[in-house]
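The values are calculated or read from the model by the stated rules, or taken from the named source; none is laboratory data. Model, not experiment: these values are computed from the prediction. Quick reminder, even Gly has a Cβ in these numbers, built from the backbone with ideal geometry, and neighbours come from all protein chains shown.
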Amino acid sequence: MNEQSRSKRNQNNKKKKSVGKIVLSIFLLFLLVLTVAGGYVAWQVYSDLRATTDEMYEEVEEQEEHTARTDKPVVVDDGEDPFSILLMGVDTGEFDRQYQGRSDTMMVITVNPNTDKTSIVSIPRDTYTEIIGRGHLDKINHAYAFGGTSMAVNTVQNLFDIPVDYFVSVNMEGMQQVVDAVGGITVTPPLTFKIGEYQFVEGEPTHMDGNKALEYSRMRYEDPEGDYGRQHRQRQVIESTMQKVASLDSIRNYGSILETMSSTMRTNMKFDEMLDMFSNYRGAVNTVDQLQLSGQGEMIGGVYYEIIPDEEINRVQDYLKSELEL
């Protein structure tokens, strides 16, 4: 890719601070726990956090020709470089699945310390795009099934022509276990529907254990907004879960929470990088923009795909490059 100059441009998108803050907390989670703990067995917490992040660490193999930041890698220890994260919720573990799974939730998060802003772009799971490493077009969530994290990262980099500096993935079973570990969550459904044994009523705050939260977040076919509505409910579950994780009650139970996350979450962030991010980038969570990559559903060869127009891809590409100062 040709070298591009960095620029700083502001975007005027609708801000949804609460959800954005919590989604960003996915990768700051352990540091938030450490901070809230303060003097509460702080050294033991610190040691457990380091051990947990070591267990979660996973390298990403990049396709060199699709590496978007070629001039220099991102550096977070000085708090000046914007960076990006691919957040993935994978369906490994759902219905007792033991195979690789698919990344049914995909969000690109950018964090810019110079504008003190975070952005979150949601990608429809059925987005029709080139799967890097396979040489053909398919649903974007199949990249993870075909080649794991590396293929998913490279495919997203190619779609938006940006670097993906970090990733965080969590499987569906893991989210269920985390919800149980924090004692359940409370969510207000945006619509009324029934799935399995569970009934949800629009506007009625509902306490959910892990299994109920999983059912709530995965329903798609009865939602008039389809996969877009499903993504909204997934963000609700993430928000409520992370709020509970960061609470003092959960700090007292941090051991079981970390144990669950160490087996169900993966990231290429090292512990020291997380410390730098927490120290240098906290101001960026005060302003959060959310964007939705949008297209039209279409049947191709008897298979449903979400076809994203070129102008829509270009719109999101330009926005992300601006946020990353590329």
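Filtering region 284-311 down to residues that are surrounded by 15 or more Cβ atoms within 10 Å (Cβ to Cβ) and in a helix (DSSP H, G or I), which residue is modelled with the lowest pLDDT? Among them, the one singled out is Val285.
Taking the criterion of being surrounded by fewer than 22 Cβ atoms within 10 Å (Cβ to Cβ) and more than 21 Å from Tyr221 (Cβ to Cβ), the residues of region 178-192 that qualify are Asp180, Gly183, Gly184, Thr186, Thr188. Restricting attention to region 128-148, the residues being touching a residue at least 40 places away in the same chain (Cβ under 8 Å), surrounded by 24 or more Cβ atoms within 10 Å (Cβ to Cβ) and not small (Gly, Ala, Ser) number 1. Every listed requirement among (1) touching a helix residue (DSSP H, G or I) at 6+ places or on another chain (Cβ under 7 Å); (2) surrounded by fewer than 16 Cβ atoms within 10 Å (Cβ to Cβ); (3) modelled with pLDDT under 90; (4) not hydrophobic (A, V, I, L, M, F, W, C) is met by Gln98 save one, (1). Listed by first and then second residue, the pairs with beta-carbon distance under 6 Å, at least 6 apart or on different chains, first residue in region 102-120 and closer than 16 Å to Asp318 by Cα, second part of a loop (DSSP other than H, G, I, E, B) and among the aliphatic types (A, V, I, L, M), are Thr110/Leu324. Scanning region 269-313 for residues that are small (Gly, Ala, Ser) and farther than 19 Å from Thr105 by Cβ returns Ser279, Gly283, Ala284, Gly301, Gly302.
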